[in-house]
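Report on one structure; see the data block that follows.
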Amino acid sequence: MEIFHHSCDMQAWALRQDSIAFVPTMGALHEGHLSLVDAAHSKAGKVVVSIFVNPTQFTDPKDFEKYPRNIQDDFSKLKSAGVDAVLCPQVEDMYRTASQTWVEVSNLAQRWEGTFRPGHFRGVATVVLKLFQIVQPRFAIFGEKDFQQVRIIEQMVADLFCPIEIVRGEIFRESSGLAMSSRNIRLTAEEHRQALGISRGLFQAVKAVQQGERKSIQLENIVRAEIEKGSLAKIDYIASVCEKNLEPISRLSDEATRLLVAVQYPSVRLIDNIALVI
Ligand code: PAF
C-alpha cells in the first residue's frame with residue numbers, strides 16, 4: 001500500500017492509473033468505513049482512501065482538536081482491506097496561504113446541519129472538490145449516515161460537471177442499532193445506552209409506515225418519544241424530508257423520503273437517518 005503525504009505525489013500516481021474508486025475519510029476508521037472500501041473494490045481496479053481531518057468543516061475549534069486520530073491503526077486496517085493508496089496530507093498543503101477558492105452548494109446546505117453548523121458544508125464541499133482534483137477518481141463512495149452531505153456532494157458533482165460517479169454506502173450499524181461513527185468513542189456508557197433510542201425510534205417509524213402511517217408528525221413523534229426516554233438527550237431536529245431537495249414534507253407520498261435526526265448528548269452530537277419511502 002502506497003502512503004502519500006503530499007498532494008502532488010498522490011496526483012502524479014493517480015494520473016497513471018486507469019480507474020480509481022475513492023473513499024474520503026477523516027480517519028479513526030471503523031467497520032462503516034471499511035464497508036465503503038469494500039464497495040470501492042467492486043467499482044474500480046484501484047482503491048484510494050484519504051485521511052484528513054479537515055479544519056474548515058468544524059464550527060467549533062474544540063471539536064476539531066478532540067476529533068479522534070489514530071493514524072497507525074488506520075493504516076493497518078486499510079492495508080488489511082487491500083487499499084492501494086492512502087493520502088494523508090497536511091493542512092498547509094490542502095489550504096495553501098494563497099488559496100482563495102471556496103465551494104458553496106446553496107439551497108441543500110441551508111437547512112438541518114447547515115443551521116446548527118454554519119459554514120460546515122462550505123468546508124466539506126471545498127475539501128471534497130480539492131480531494132477529487134488530487135485523487136482523480138472515477139467513483140467516490142460516501143456513507144448515507146451523513147445523508148445531507150451525500151446529497152450536497154451529488155449536487156456539486158452535477159453542477160460542476162465532475163466526471164465522477166457518487167456511490168452511496170448504506171449506514172453501518174453496531175449490533176445495538178447505533179449508527180457507526182468515529183465520534184461514538186466519545187460517548188460515555190450512559191450516553192451510549194441512551195443514544196440507542198435514536199435507532200430504536202427510527203426502526204419503529206419505519207414499522208409504522210409499513211402499517212400505513214403517512215403523517216410526518218406522527219412518525220417524528222415516535223422517534224422523539226424513544227429519544228426522550230433518555231434524560232441526557234437534547235434534540236436538534238427530527239424531520240421527514242424529500243430526499244431530492246431535503247425540504248420537509250408533512251405527508252408521505254410516492255416520493256423518496258428520509259427521516260433525519262440530530263441529537264446532542266453532553267459529550268457528543270449524533271446524527272442518523274432512515275429511508276421511509278424508497
Ligand atoms: O464524512 C467525512 O468524513 C468528511 O466530511 C469528508 C467527506 C471526508 C470531508 O472531510
> Which residue pairs have Cβ atoms under 9 Å apart, sit 6 or more places apart or on different chains, and have a first residue in region 43-59 that is under 14 Å from PHE132 (Cα atoms) and free of Cβ contacts under 8 Å to residues at least 40 places away in the same chain and a second that is aliphatic (A, V, I, L, M) and near the ligand (Cβ under 8 Å from one of its atoms)?
Replying inline: ILE51/MET26
> Here are some residues: ALA239, ALA205. Which one is of a type in the set (Gly, Ala, Ser), closer than 22 Å to SER175 by Cβ and modelled with pLDDT of 95 or more?
Replying inline: ALA205
> PRO89 fails exactly one of the following numbered conditions: (1) within 19 Å of the chain's Cα centre (by Cα); (2) in contact (Cβ under 8 Å) with a residue 60 or more places away in the chain. What is the number of that condition?
Replying inline: (1)
>> The conditions are (1) open to solvent by 30 Å² or more (accessible area, probe 1.4 Å); (2) modelled with pLDDT of 95 or more; (3) out of contact with any Cys (no Cβ under 7 Å at 6 or more places or on another chain), and HIS5 fails exactly one of them. Which is it?
In response: (3)
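Could you check, for region 104-118, whether at least one of its residues is over 20 Å from the mean Cα position of the chain (by Cα), at pLDDT 95 or above and more than 15 Å from the ligand (Cβ to nearest atom)? Break it down stepwise before answering.
Restricting attention to region 104-118, the residues satisfying the condition of being over 20 Å from the mean Cα position of the chain (by Cα) are none.
Checked against the condition, which is being over 20 Å from the mean Cα position of the chain (by Cα), at pLDDT 95 or above and more than 15 Å from the ligand (Cβ to nearest atom), region 104-118 yields no hits at all.
Quick grid of which residues meet (1) touching a strand residue (DSSP E or B) at 6+ places or on another chain (Cβ under 7 Å); (2) closer than 20 Å to PHE116 by Cα:
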| site | (1), (2) |
| --- | --- |
| GLY197 | no, no |
| GLN204 | no, no |
| ALA208 | no, no |
| GLY212 | no, no |
| ILE217 | no, no |
| ALA225 | no, no |
| TYR237 | yes, yes |
| PRO248 | yes, yes |
| ALA256 | yes, no |
>> I'm told GLY27 meets every condition in (1) within 13 Å of the ligand (Cβ to nearest atom); (2) on the phi < 0 side of the Ramachandran plot; (3) not hydrophobic (A, V, I, L, M, F, W, C) except one. Can you identify the failing condition by its number?
In response: (2)
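Given the structure, is VAL37 within 10 Å of the ligand (Cβ to nearest atom), β-branched (Val, Ile, Thr) and either crowded, with 18+ Cβ neighbours inside 10 Å or in contact (Cβ under 8 Å) with a residue 40 or more places away in the chain (or both)? Give the steps one after another, and end with the answer.
Working: within 10 Å of the ligand (Cβ to nearest atom): no; β-branched (Val, Ile, Thr): yes; either crowded, with 18+ Cβ neighbours inside 10 Å or in contact (Cβ under 8 Å) with a residue 40 or more places away in the chain (or both): yes.
Answer is no for this residue.
Yes/no matrix, rows are residues, columns are (1) touching a residue at least 40 places away in the same chain (Cβ under 8 Å); (2) closer than 19 Å to LYS43 by Cα:
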{"site": "GLN148", "(1), (2)": "yes, no"}
{"site": "ILE153", "(1), (2)": "no, yes"}
{"site": "VAL157", "(1), (2)": "no, yes"}
{"site": "CYS162", "(1), (2)": "no, yes"}
{"site": "ARG168", "(1), (2)": "no, yes"}
{"site": "ARG173", "(1), (2)": "no, no"}
{"site": "SER182", "(1), (2)": "yes, no"}
{"site": "GLU190", "(1), (2)": "yes, no"}
>> Whether any residue in region 61-74 is within 15 Å of the ligand (Cβ to nearest atom), touching a helix residue (DSSP H, G or I) at 6+ places or on another chain (Cβ under 6 Å), under 16 Å from PHE142 (Cα atoms) and not in a helix (DSSP H, G or I) is what I want to check.
In response: no
> Of (1) surrounded by fewer than 13 Cβ atoms within 10 Å (Cβ to Cβ); (2) within 30 Å of PRO248 (Cβ to Cβ), THR97 satisfies all except one. Which?
Replying inline: (2)
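The values are calculated or read from the model by the stated rules, or taken from the named source; none is laboratory data. Keep in mind that this is a model prediction, so the values were computed, not measured. Positions of Cβ are backbone-derived with ideal geometry, glycine not excepted, and every protein chain shown enters the neighbour counts. Calculation scope for accessible area: heavy atoms of the full protein, side chains included, ligands and nucleic acids excluded. Shrake-Rupley method; radii C 1.70, N 1.55, O 1.52, S 1.80 Å.
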